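The values are calculated or read from the model by the stated rules, or taken from the named source; none is laboratory data. All figures in this text were calculated on a predicted structure; none of them were measured in a lab. Neighbour counts are summed over all protein chains in view; Cβ atoms, including those assigned to glycine, are modelled from backbone coordinates with ideal geometry. Heads up: the accessible areas ignore ligands, DNA and RNA and are worked out on the full protein's heavy atoms, side chains in. Shrake-Rupley method; radii C 1.70, N 1.55, O 1.52, S 1.80 Å.
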Amino acid sequence: MVELADTGKARLAGRGEAGWLTRALANLEETVASAALLVVVGSVCWGVLSRYVTQQPAVWSGEVAAIAFAWVVFLGAAAGFKRGLHVSIDMLVALLPAKAQRVLDLAVELLVAAFCVYMVWLGATFTVTNWDNPTSVLRLPSSIVYAAVPVGFALMAVRIVQRALGLGPRFDRPEDAP
């Protein structure tokens, strides 16, 4: 039991001052998606409260909630992607030999990475072309909403490349679990 405590302390010491940036980047998707979810809940609650309690409804609350929800969706998808929570069917792959499984896994990871990069390009193009298109209530650039697409897919691309190279966290191992 003393050995477990010592190894735990050593592992925590290795994550010390220099590791805060690594931890922040490792949890980027969850942190930003959680903040956006708080904005969604807060703005919806304020919209309901202002509509039914005061005489002046907050017309901006629905737009703020929609903008934040777009960020929740795409960054939440990136977080789920990072943790391997998206659906995959490996019934036929499981029948293959181990080496063939790894080759097929790598091919799928490269294909998914290429798709993510393509979506980043399409999303960035759409975001830039809509910079002058304001939202209906707050008159913010619509690019604020659309930027969630290239950012989310860029994070997915980074995580798939990390996984393909064996650099990213694997949540099937206890030492990588949050």
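Let's see how each residue does on (1) within 26 Å of Ala24 (Cα to Cα); (2) open to solvent by less than 70 Å² (accessible area, probe 1.4 Å); (3) part of a helix (DSSP H, G or I):
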| residue | (1), (2), (3) |
| --- | --- |
| Pro57 | no, yes, no |
| Glu63 | no, yes, yes |
| Ala68 | yes, yes, yes |
| Glu109 | yes, yes, yes |
| Met119 | yes, yes, yes |
| Val145 | yes, yes, yes |
Subset tally (residues that are within 17 Å of the chain's Cα centre (by Cα) and either within 16 Å of Lys82 (Cα to Cα) or not in a helix (DSSP H, G or I) (or both)) for the range 121-143:
0
Please find, among Ala68, Ala36, Ala78, the residue that is under 21 Å from Arg159 (Cα atoms) and without any contact (Cβ under 8 Å) to a residue 40 or more places away in the chain.
Ala36
Restricting the range 70-102 to residues that are among the basic types (Lys, Arg) and part of a helix (DSSP H, G or I), which is surrounded by the fewest Cβ atoms within 10 Å (Cβ to Cβ)?
Lys99
